[in-house]
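One structure is given below, encoded as structure tokens.
Derivation of every value follows stated rules applied to the coordinates shown; laboratory data play no part. Everything numeric in this text was worked out from a predicted model, so none of it was measured. Note that we place each Cβ from the backbone using ideal geometry, even for glycine, and neighbour counts take in every protein chain shown.
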Amino acid sequence: MNEHVIETEGLTYVYPDGTRGITGVSFKMVPGEAVALVGANGAGKSTLLQHFSGCLLPTGGTVRVGGLPVIKENLPAVRRAAGMIFQNPDDQLFMPTVFEDVAFGLRNLGAPEDEIEPRVMKALEKVGAAHLRGRQPYRLSQGEKRAAAIAAVVALEPDVLVMDEPTSNLDPLARRRLIRLLGTFGHAKLIATHDLDFALEVCGRTIVMHGGTIAADGPSAEVFRDAALLERCGLEPPPSFGPRR
């Protein structure tokens with residue numbers, strides 16, 4: 001595998017109506033690294049994330065996932081290398097049972113039928129959700145839905161997990177369980193989040209986006225201590241840092 005699971009160089013995207021989503025974004029991630037992507041609404045986080053699943057293709061610059069350029073002919077392999085976990089689990093859970101949801105991606109990729117059940121159960125056990133295998137997704141709690149959605153991606157054995165607002169709609173206990181779960185994964189993780197305490201606890205590195213560009217990239221604790229930077233980018237220090245002075 002390439003040394004970097006994600007690489008962007010001068011990545012730029014302009015929407016069809018002429019709106020510039022991101023401009024000149026360059027960064028790299030290595031295997032096993034956990035990186036938070038933070039910024040105010042409209043900073044360009046979602047536009048950037050959509051390039052790693054090939055939902056958007058660059059207007060300018062380059063993006064590589066698992067060593068592969070993100071271009072149309074590489075999209076099946078790119079989507080195997082980068083497992084995308086959406087903000088709303090209901091966007092990923094649509095089969096009659098949790099088992100079938102986790103198996104869906106494997107079948108879609110042509111996995112041999114005799115491999116599917118062991119891989120599904122391994123993924124469900126990894127996220128502590130084996131007991132949910134026969135449940136109907138719409139009857140699950142938000143935390144259970146999140147676990148099932150993560151299992152569906154983990155079963156595909158991606159190089160990197162790309163997560164969009166994973167703590168959204170989770171109660172404190174489910175949020176804590178998610179933090180513990182992510183700590184058990186050896187995958188590289190790129191996590192877009194507004195939950196800065198979550199970013200501080202889960203990710204050793206944070207990228208701050210502002211106006212479609214990278215405003216800062218460094219160790220999470222250092223980034224979040226820079227009150228002037230955060231204020232300039234429409235953010236506030238994590239609550240765990242105490243009240244602003």
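So what's the gap between the Cα centers of region 1-68 and region 144-177, to the nearest angstrom?
Computed from Cα coordinates, the inter-centre distance equals 21 Å.
As a footprinting exposure proxy, order ASP197, ASP164, ASP90 by other Cβ within 10 Å, with the fewest listed first.
So the residues, fewest neighbours to most, are ASP90, ASP197, ASP164.
Rounded to the nearest 500, what is the 222 nm mean residue ellipticity of the chain from helices alone, with -39500 (n - 2.57) per DSSP H run of 4+ residues and division by all residues?
On the way: 9 runs with 81 residues, N = 245.
Helix contribution divided over all residues of the chain: -9500 deg cm²/dmol.
Suppose we keep just the DSSP beta bridges with both residues in the chain; what percent of those would be antiparallel, to 5? Kindly include the intermediate steps, with their values, before the conclusion.
Working: 19 of 36 bridges.
Rounded to the nearest five, the antiparallel share is 55 percent.
Counting only residues 5 or more places away or on other chains, whose amide H sits under 5 Å from the amide H of ILE191 once H atoms are built in the peptide plane?
Here the answer is VAL35, ALA36, LEU37, MET163, since their amide H atoms fall under 5 Å of that of ILE191.
Given the chain, report the % of alpha carbon pairs whose separation exceeds 32 Å.
21
Take the alpha carbon gyration tensor of region 150-234, find the square roots of its eigenvalues, order them as a ≥ b ≥ c, and report rounded if a/c is under 1.5; if not, report prolate when a/b exceeds b/c, else oblate.
Note, shape of region 150-234 comes out prolate.
Compute the Cα gyration tensor for region 68-125, then decide on rounded, prolate or oblate, letting a ≥ b ≥ c be the square roots of its eigenvalues: rounded whenever a/c is under 1.5, prolate when a/b is larger than b/c in the other cases, and oblate in all that remain.
Oblate, since a/c reaches 1.5 and b/c is not below a/b.
Give me the percent relative contact order of the chain, please, defined on Cα pairs under 8 angstrom at least 6 residues apart.
25
Note the full-extension length gain between ARG225 and THR19 as 0.36 nm times their separation in residues minus their Cα-Cα distance, in nm to one decimal.
Extra length available between ARG225 and THR19 comes to 71.0 nm.
Quick one: which residues, 5 or more positions from ASP217 or on another chain, have an amide H under 5 Å from its amide H? H modelled 1.01 Å from N in the peptide plane, none for Pro or chain starts.
Amide H neighbours of ASP217, under 5 Å, 5+ apart: VAL208.
Label region 107-155 by shape, choosing from rounded, prolate and oblate, from the square roots a ≥ b ≥ c of the eigenvalues of the Cα gyration tensor; if a/c is under 1.5 it is rounded, and otherwise prolate applies when a/b is larger than b/c, oblate when it is not.
prolate
For region 176-245, what's the relative contact order in percent, using C-alpha pairs closer than 8 Å and at least 6 residues apart?
23
Are any of the pairs LYS122/LYS145; LYS72/LYS189; LYS28/LYS72; LYS72/LYS126; LYS28/LYS122 more than 28 Å apart by Cα-Cα distance, and if so, which?
Pairs exceeding the cut-off: LYS72/LYS126; LYS28/LYS122.
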